[in-house]
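Here's the structure, in structure tokens; my notes come after.
The values are calculated or read from the model by the stated rules, or taken from the named source; none is laboratory data. Remember, it's a predicted structure, so these values are computed and weren't measured experimentally. FYI the Cβ positions are ideal-geometry reconstructions off the backbone, even for glycines, and counts take in every protein chain you see. Calculation scope for accessible area: heavy atoms of the full protein, side chains included, ligands and nucleic acids excluded. Shrake-Rupley method; radii C 1.70, N 1.55, O 1.52, S 1.80 Å.
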Amino acid sequence: MRRTLTLAAATAAAALLLPGGPLPVVATGSARATPSLWTAREAAAFWTPERMAAALPVPDPVPVPVPDGVPAPVPDTAADAPTTGAAASDGAATGTPAAAAPPPGAPAANGPAADGRPTPAAPAPAPAAVGTPTAGAAAGPAQGVAAPPAPSAAPGSPAAPASPATPVTPVASPTTPGDAAAAPVAPGAPVPPATPTVTPAPAGTPGPATDPLPSPTAPTRAPAGPVVAPATAGVGQDFDGVPAVGRMYVMKGAGAYFCTASVVSSPGRNLVLSAGHCLLGSDTRQVAFVPHYTRAKPRPYGLFPVLRDSAGRSKVWIDQRYKTQGAEKAATLDVAFAAVGPNAAGSKLENAVGGNRLLTGSTFTHAKVTLIGHPASAARPRVCVNRTTKFTSTDPKSPGSFLRIDCTGFPGGTSGGPFITRFDDRTRTGDVVGVIGGWKTGGPTADTSYSPYFGAEIRKLYQAAVAGAKGA
């Protein structure tokens, strides 16, 4: 999310800010790190509180030149219709994905104004031909890129009031209806009930309140009361965070960087979800996830190192088309999963902090989404509650349809932050339907954020990660 930072400035600043002497260097273009298994103790020794506090937001990837005539990836979901299939015992989904549809050229509804400031959220329009959404690839260009088209709805339409203090407990069922029907639609437009694929947590999954990391500094139960105080929809606020969301730290070149990431439930209880551009690059190394990070308590549950294979490469899953076609052409695939090892106390990640369930094949329009991210300069994370709308890019170099949310104060560092529906204040988890990323690697302004659509392609990526993380 290039909102406040350029690559050159980030590298220079990182070199100046990092304490602790010279950093380890790997050969340019090499995907291999040291042959070490990269344990939690090694990660904790490397990622000191001082180094974590000095880390900068991950810069946008360098554009990949794509020859003319190379088609953009098209998600194999048919417009707002969910894909079908029951969740299998290993976390993978069965069933046949819907047929692909090419992206339309129609302008997006409810886009930011020409000066880059987001307009108030307008009622979400009825999906064109309900049951046939479109999505293609989009991109993440530099700061200052022209804003998307103005909204088709009248400016100033108020957003629906948020009610974060009244969460709905998520239901772990592969046929759980999505909340598309709850989103406002044009009068008379039929909206059939959605049947998204929910990837449930394994039976008997203990939440973070009942199975915390055995550490004197770890929380033993979730505090009473709502995580988010009632506030105006779309207004971000700093808060103390939740255990299943944190910072993903990574070395790139000679600099230390971070993005936001979150825990996603899996059979191995060891998967983290973030944006693809956060973990992209052959020089990515020393990767570690730090749940519930705040500057005052930087490691309340310890560090969970991203595992390496026998060649020393980090176990990260990003769609190959995102790597080869780049952030512009393949922004609808700006998603990454990473497998992590246990912390220094031997606890698996999901056992320590809980996890959100992956929801695929849902809808672009959700009546209530909780957005969480870690801004670069903030001592605590940021949270916001608002509705999402569907945004379709009209830039032929950056095609695709994305989830869009107006939430103030989500600058660099918040890339990878989860879009959570049905957030439960008791478990501090819900159903994750997106991450800050995709179009313009999350958006050119800090007050409007975007996410790739979680359809069949993202579910396939999750299944690959589940299979690759088995036994880890």
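Data table
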item: Where a residue in region 391-415 is acidic (Asp, Glu) and its partner, wherever it lies, is in a loop (DSSP other than H, G, I, E, B), with Cβ under 6 Å and at least six apart; result: ASP406/PRO118; ASP406/ALA121; ASP406/GLY234
item: Positions within region 328-344 being open to solvent by less than 30 Å² (accessible area, probe 1.4 Å) and out of contact with any helix residue (DSSP H, G or I) (no Cβ under 6 Å at 6 or more places or on another chain), in sequence order; result: THR332, ALA338, GLY341
item: Selected residue (criterion: surrounded by the most Cβ atoms within 10 Å (Cβ to Cβ)) from residues of region 406-446 that are among the small types (Gly, Ala, Ser) and more than 14 Å from the chain's Cα centre (by Cα); result: ALA446
item: Flag for THR363 being farther than 20 Å from CYS259 by Cα, touching a Ser or Thr at 6+ places or on another chain (Cβ under 7 Å), surrounded by 24 or more Cβ atoms within 10 Å (Cβ to Cβ) and not aromatic (Phe, Trp, Tyr); result: no
item: Residue match in region 297-307 (condition: open to solvent by less than 10 Å² (accessible area, probe 1.4 Å), out of contact with any helix residue (DSSP H, G or I) (no Cβ under 6 Å at 6 or more places or on another chain), part of a loop (DSSP other than H, G, I, E, B) and within 21 Å of ARG459 (Cα to Cα)); result: no
item: Qualifying residue in region 321-337 (condition: assigned to a strand (DSSP E or B) and of a type outside the set (D, E, K, R)); result: yes
item: Which numbered condition ALA379 misses (of (1) open to solvent by 10 Å² or more (accessible area, probe 1.4 Å); (2) of a type in the set (Gly, Ala, Ser); (3) at positive phi); result: (3)
item: Test: residue in region 449-469 that is in contact with a Gly (Cβ under 9 Å, 6 or more places away or on another chain), farther than 30 Å from ASP309 by Cβ and surrounded by fewer than 24 Cβ atoms within 10 Å (Cβ to Cβ); result: no
item: Residue among ALA311, ALA288 that is over 21 Å from VAL432 (Cβ atoms) and either over 15 Å from the mean Cα position of the chain (by Cα) or buried (at least 24 other Cβ atoms within 10 Å of the Cβ) (or both); result: ALA311
item: Some residue of region 251-261 being assigned to a loop (DSSP other than H, G, I, E, B), open to solvent by 20 Å² or more (accessible area, probe 1.4 Å) and within 15 Å of ALA55 (Cβ to Cβ); result: yes
